[in-house]
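*Asks:* Submitted below is the structure of interest, expressed as structure tokens.
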């Protein structure tokens, strides 16, 4: 018989219903974490990178066969605009993703902890907010935030204009917050309920159990999905270009327009955008795996 | 009833007509028993007979719907129950050990007295080292639970419970998840405890062990105590049909 778990707000079961139970199994292949985008990115082989670069570089050669615009000209154009695209554009993608992640994580952790509260009055609103923001299209959230936030605020008599990228941060941190909330809740529920019971029988209070026993065990479990959301968020920052926020794609488009909208430029410019996103996320994905290994030794 | 009204001539654990249901499933249907200080009692019975549930009710891990459980005079079935006070008196060891996997064996033993009872870490450490020696695990202080065998983990779990200086120890099928060759080392540890006069309540399937250490054996089936008695008469001279059938299957 499975004994129902009596800890309010916690849905984890003993890790098996069988009478014989091993407390912790070694990490085996084929875990759900292997499906994470960041995992996949970290395991991309070098030849895939080379192939991508070759395709991007070869494209203008193919498309320019019928026109007078040469491949060299296309790449010279890209080279000319590179400083503009990176410092005025990609830098903002990084800044937006960094702050959206920071704020989203801070609120997400709070929301996740609220989701496992024994008090319904705390748990229900947290669950509601999580589900709303987790299941809304990101672009819609971005539009709402951009239009709802005032474009300037008055602090102590001084009018301060809110830059668009700050609004984009707020827009993107909402879905991140909701997803981190689920990551936290999931990690806490993945700790077998026996840990709660053991702590309870040692006279730990619920708060003490959560902070001293459960969360330290969750930390390692939260790293892969957390970094995964960062990678997804970074890849989603070009959405801001639809709202006129100055970032990589917005500026690439402006650069192409300045170069008379030549169709030969599309693949070099957008291909470069693709590469720079991969090049940014790849080391992060690799570092995540290294980080996980370091915490894995202790367990 | 307050704590001060309890003295050692009264039962240390007194269970009266306890009823407990999980939803529509009634697991305990009126269980009563008294345990005196220093007694070792074993609860046996087929799976699903409610024996684990009963033992978990004693330290309020499960609540009960009706009846009364008192531990040293403290009423457990009370909404104003001081759980900290109760759990300082009652130690519990689980089937799945439930050691904290991110802490070493020594830290597992030391954590609760330091964090919960706020005792001084240096005192606790010397006591914890003595306890680890007592469960014959010297040299394993700095091992993580994942590096220990099932039997070793279970002995750390016993030491962890003892570090709180309980008056009563509850053992919930503590050898059921162990390899046969490590069962003995855990049973020896429990036997040592029992011989030192610790009040022990065990849910067990180890009949030979129950016969050896128990002062009193209770046989539960379908939520009631079918039969009980000292081991000598219980095993030799069971009266109830259900007890006889169970014993014939298991012995």
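*Asks:* Is it the case that some residue within region A:223-238 is over 20 Å from the mean Cα position of the chain (by Cα) and assigned to a helix (DSSP H, G or I)? Step through it out loud before you land on a result.
*Replies:* Filtering region A:223-238 down to residues over 20 Å from the mean Cα position of the chain (by Cα) leaves none.
There is no residue in region A:223-238 that is over 20 Å from the mean Cα position of the chain (by Cα) and assigned to a helix (DSSP H, G or I).
*Asks:* Looking only at region A:104-118, how many residues end up being exposed (fewer than 14 other Cβ atoms within 10 Å of the Cβ) and either in contact with a strand residue (DSSP E or B) (Cβ under 7 Å, 6 or more places away or on another chain) or touching a residue at least 40 places away in the same chain (Cβ under 8 Å) (or both)?
*Replies:* Of region A:104-118, the ones exposed (fewer than 14 other Cβ atoms within 10 Å of the Cβ) are A:106, A:118.
Those still in the list that are either in contact with a strand residue (DSSP E or B) (Cβ under 7 Å, 6 or more places away or on another chain) or touching a residue at least 40 places away in the same chain (Cβ under 8 Å) (or both) too: A:118.
Matching residues across region A:104-118 total 1.
*Asks:* If we keep just the residues of region A:177-198 that are touching a helix residue (DSSP H, G or I) at 6+ places or on another chain (Cβ under 9 Å) and within 8 Å of chain B (Cβ to nearest Cβ), which is surrounded by the fewest Cβ atoms within 10 Å (Cβ to Cβ)?
*Replies:* Of the residues in region A:177-198, the ones touching a helix residue (DSSP H, G or I) at 6+ places or on another chain (Cβ under 9 Å) are A:177-188, A:190-191, A:195-198.
Checking which are within 8 Å of chain B (Cβ to nearest Cβ) leaves us with A:195, A:197-198.
Working: A:195: 20, A:197: 25, A:198: 27.
The residue in question is A:195.
*Asks:* Turning to a different aspect of this structure: Give the residue that is farthest from residue B:150 (Cα to Cα), with candidates limited to residues of region B:105-119 that are within 9 Å of chain A (Cβ to nearest Cβ) and outside any helix (DSSP H, G or I).
*Replies:* B:117
*Asks:* Going through region B:50-73 one residue at a time, which ones are surrounded by fewer than 19 Cβ atoms within 10 Å (Cβ to Cβ) and assigned to a strand (DSSP E or B)? I'd like the intermediate steps shown before the answer.
*Replies:* Within region B:50-73, the first condition is being surrounded by fewer than 19 Cβ atoms within 10 Å (Cβ to Cβ), and the residues that meet it are B:63, B:65-68, B:73.
B:66, B:67, B:68, listed by residue number.
*Asks:* Now a separate question. Regarding residue B:63, is this residue within 11 Å of chain A (Cβ to nearest Cβ), more than 28 Å from residue B:208 (Cβ to Cβ) and out of contact with any helix residue (DSSP H, G or I) (no Cβ under 8 Å at 6 or more places or on another chain)? Explain how you work it out, then say what you get.
*Replies:* On the way: within 11 Å of chain A (Cβ to nearest Cβ): yes; more than 28 Å from residue B:208 (Cβ to Cβ): yes; out of contact with any helix residue (DSSP H, G or I) (no Cβ under 8 Å at 6 or more places or on another chain): no.
Criteria not met by residue B:63.
*Asks:* Can you name the condition, by its number, that residue B:122 falls short on among (1) at pLDDT 90 or above; (2) within 25 Å of residue B:217 (Cα to Cα)?
*Replies:* Against the list (1) at pLDDT 90 or above; (2) within 25 Å of residue B:217 (Cα to Cα), residue B:122 comes up short only on (2).
*Asks:* If we only count helices (runs of 4 or more DSSP H) wholly inside region B:140-251, which ones have 1 or more residues that are free of Cβ contacts under 8 Å to residues at least 60 places away in the same chain and more than 23 Å from residue B:109 (Cα to Cα)? Break it down stepwise before answering.
*Replies:* On the way: elements: B:150-162, B:180-195, B:207-213, B:231-236, B:241-250.
In region B:140-251, B:180-195, B:207-213, B:231-236, B:241-250 are the helices (runs of 4 or more DSSP H) which contain 1 or more residues that are free of Cβ contacts under 8 Å to residues at least 60 places away in the same chain and more than 23 Å from residue B:109 (Cα to Cα).
*Asks:* Okay, next question. Considering every residue within region A:287-298, establish whether at least one is away from chain B (no Cβ under 14 Å), surrounded by fewer than 22 Cβ atoms within 10 Å (Cβ to Cβ) and within 30 Å of residue A:164 (Cα to Cα).
*Replies:* If we filter region A:287-298 for residues that are away from chain B (no Cβ under 14 Å), which is where we start, we get A:287-293.
Cutting the leftovers down to surrounded by fewer than 22 Cβ atoms within 10 Å (Cβ to Cβ) gives us A:287, A:289-293.
Subset that is within 30 Å of residue A:164 (Cα to Cα): none.
Looking through region A:287-298, none of the residues is away from chain B (no Cβ under 14 Å), surrounded by fewer than 22 Cβ atoms within 10 Å (Cβ to Cβ) and within 30 Å of residue A:164 (Cα to Cα).
*Asks:* If I filter region A:198-211 for residues that are under 18 Å from the mean Cα position of the chain (by Cα) and within 21 Å of residue B:111 (Cα to Cα), do I get at least one hit?
*Replies:* Taking region A:198-211 and keeping what is under 18 Å from the mean Cα position of the chain (by Cα), we get none.
No, because not a single residue in region A:198-211 is under 18 Å from the mean Cα position of the chain (by Cα) and within 21 Å of residue B:111 (Cα to Cα).
*Asks:* Against the definition (more than 29 Å from residue B:104 (Cβ to Cβ), in contact with a strand residue (DSSP E or B) (Cβ under 6 Å, 6 or more places away or on another chain) and buried (at least 19 other Cβ atoms within 10 Å of the Cβ)), how does residue B:158 come out, yes or no?
*Replies:* no
Listed here are the residues, each with its yes/no results for (1) touching a residue at least 40 places away in the same chain (Cβ under 8 Å); (2) within 14 Å of another protein chain (Cβ to nearest Cβ); (3) surrounded by fewer than 20 Cβ atoms within 10 Å (Cβ to Cβ); (4) closer than 19 Å to residue A:170 by Cα.
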site: A:202; (1), (2), (3), (4): no, yes, no, no
site: A:216; (1), (2), (3), (4): no, yes, yes, no
site: A:219; (1), (2), (3), (4): yes, yes, yes, no
site: A:226; (1), (2), (3), (4): yes, no, no, yes
site: A:239; (1), (2), (3), (4): yes, no, no, yes
site: A:243; (1), (2), (3), (4): yes, no, yes, yes
site: A:249; (1), (2), (3), (4): yes, no, no, no
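*Asks:* On the basis of being within 12 Å of chain A (Cβ to nearest Cβ), more than 11 Å from the chain's Cα centre (by Cα) and either surrounded by fewer than 18 Cβ atoms within 10 Å (Cβ to Cβ) or over 21 Å from residue B:83 (Cα atoms) (or both), does residue B:146 make the cut? Quick ask: steps written out before the conclusion?
*Replies:* Values: within 12 Å of chain A (Cβ to nearest Cβ): yes; more than 11 Å from the chain's Cα centre (by Cα): yes; either surrounded by fewer than 18 Cβ atoms within 10 Å (Cβ to Cβ) or over 21 Å from residue B:83 (Cα atoms) (or both): yes.
Criteria met by residue B:146.
*Asks:* So which residues in region B:66-92 are facing chain A (nearest Cβ under 9 Å) and either within 13 Å of the chain's Cα centre (by Cα) or on the phi > 0 side of the Ramachandran plot (or both)?
*Replies:* B:87, B:90, B:91, B:92
*Asks:* Give just the number: which of (1) within 14 Å of chain B (Cβ to nearest Cβ); (2) more than 25 Å from residue A:131 (Cβ to Cβ) does residue A:210 not satisfy?
*Replies:* Every condition holds for residue A:210 apart from (2).
*Asks:* Check whether at least one residue in region A:261-268 is in contact (Cβ under 8 Å) with a residue 40 or more places away in the chain, more than 15 Å from the chain's Cα centre (by Cα) and not in a helix (DSSP H, G or I), and report yes or no.
*Replies:* The first filter runs over region A:261-268 and keeps only residues in contact (Cβ under 8 Å) with a residue 40 or more places away in the chain, leaving A:262-265, A:267-268.
The next check asks that each one be more than 15 Å from the chain's Cα centre (by Cα); those that pass are A:262-265, A:267-268.
Still in the running and not in a helix (DSSP H, G or I): A:262.
Yes - at least one qualifying residue is present in region A:261-268.
The values are calculated or read from the model by the stated rules, or taken from the named source; none is laboratory data. Computed from a predicted model, the values in this text were never measured in an experiment. Here Cβ is always computed from backbone atoms with ideal geometry, including for glycine, and neighbour counts include all displayed protein chains.
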